[in-house]
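**Q** After the structure tokens below, expect a handful of questions from me.
The values are calculated or read from the model by the stated rules, or taken from the named source; none is laboratory data. The model shown is predicted, which means the values in this text are computed figures rather than measured ones. We place every Cβ from the backbone using ideal geometry, glycine too, and count neighbours over all the protein chains shown.
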Amino acid sequence: MNDRPLAPGRRLAEIRQQRGLSQRRVAELSGLTHSAISTIEQDKVSPALSTLQKLLKVYDLSLSAFFAEPADSSPPRVVINANELIDIGSQGVSLRLIHNGNPERTLAMMLETYEPGATTGEKIRHPGEETGTLLEGEIVLTIGGQTYHLNAGQSYVINTGLAHSFTNTSTQICRIVSAHTPTTF
């Protein structure tokens, strides 16, 4: 028996089918094209974070719930290895969620890497707040119509209910450690 998790596209297809929805109906509800849904479900492309959020909204799922492994009866883990982090990023943006399997946790944390020129795409919005510190490089944070240029060593605190995006306009990798609430991102 294979215990490896399904690829994201295949998992999205499975969730859609469990809910009895056609690709065309999901396209209508999400504002995406039918061909985009098909391409994503076949794992031919990885969806941008904003695209994945649109799809998960249709399925009433959070990002962390989508990427979490099925719950079991074992207690939450204390140590999580680097290869066990859940990467919810795409297209030059790595958003590695630190998750110990505890469905009742109240804080979520991520290790973020932005390749030169990478962006989270169109602005993201979700309830809660986020704080982060740039460990390396620089990033442009756009939130609520304001743009902020941050460098290594600087931190930010934002209301994630406001539309926001992160873009690495430099030629160097940017690394951020961030925490957000609620954990349902």
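**Q** Yes or no: the stretch 95-107 includes at least one residue that is among the aliphatic types (A, V, I, L, M) and over 17 Å from T181 (Cβ atoms).
**A** The answer is no; no qualifying residue exists.
**Q** Against the definition (within 22 Å of T183 (Cα to Cα) and in a helix (DSSP H, G or I)), how does I15 come out, yes or no?
**A** yes
**Q** Just checking, which of R77, R96 is more than 24 Å from T51 (Cα to Cα) and among the basic types (K, R)?
**A** R77
**Q** If you scan the stretch 152-185, which residues turn out to be surrounded by 15 or more Cβ atoms within 10 Å (Cβ to Cβ), over 30 Å from L61 (Cβ atoms) and without any contact (Cβ under 8 Å) to a residue 40 or more places away in the chain?
**A** If the condition is that a residue be surrounded by 15 or more Cβ atoms within 10 Å (Cβ to Cβ), over 30 Å from L61 (Cβ atoms) and without any contact (Cβ under 8 Å) to a residue 40 or more places away in the chain, then A152 is the only one that fits.
**Q** Determine if the stretch 120-127 includes at least one residue that is free of Cβ contacts under 8 Å to residues at least 60 places away in the same chain and within 23 Å of F66 (Cβ to Cβ).
**A** Within the stretch 120-127, one or more residues are free of Cβ contacts under 8 Å to residues at least 60 places away in the same chain and within 23 Å of F66 (Cβ to Cβ).
**Q** So, of the residues in the stretch 109-125 that are of a type in the set (A, V, I, L, M, F, W, C) and modelled with pLDDT of 85 or more, which turns out to be surrounded by the most Cβ atoms within 10 Å (Cβ to Cβ)?
**A** Among those that are of a type in the set (A, V, I, L, M, F, W, C) and modelled with pLDDT of 85 or more, it is M110.
**Q** Right, something else. Across the stretch 21-55, what is the total count of residues that are modelled with pLDDT of 85 or more, loosely packed, with under 13 Cβ neighbours inside 10 Å and outside any helix (DSSP H, G or I)?
**A** Total meeting the criteria: 4.
**Q** Can we say H149 is part of a strand (DSSP E or B) and touching a residue at least 60 places away in the same chain (Cβ under 8 Å)?
**A** It is false that H149 is part of a strand (DSSP E or B) and touching a residue at least 60 places away in the same chain (Cβ under 8 Å).
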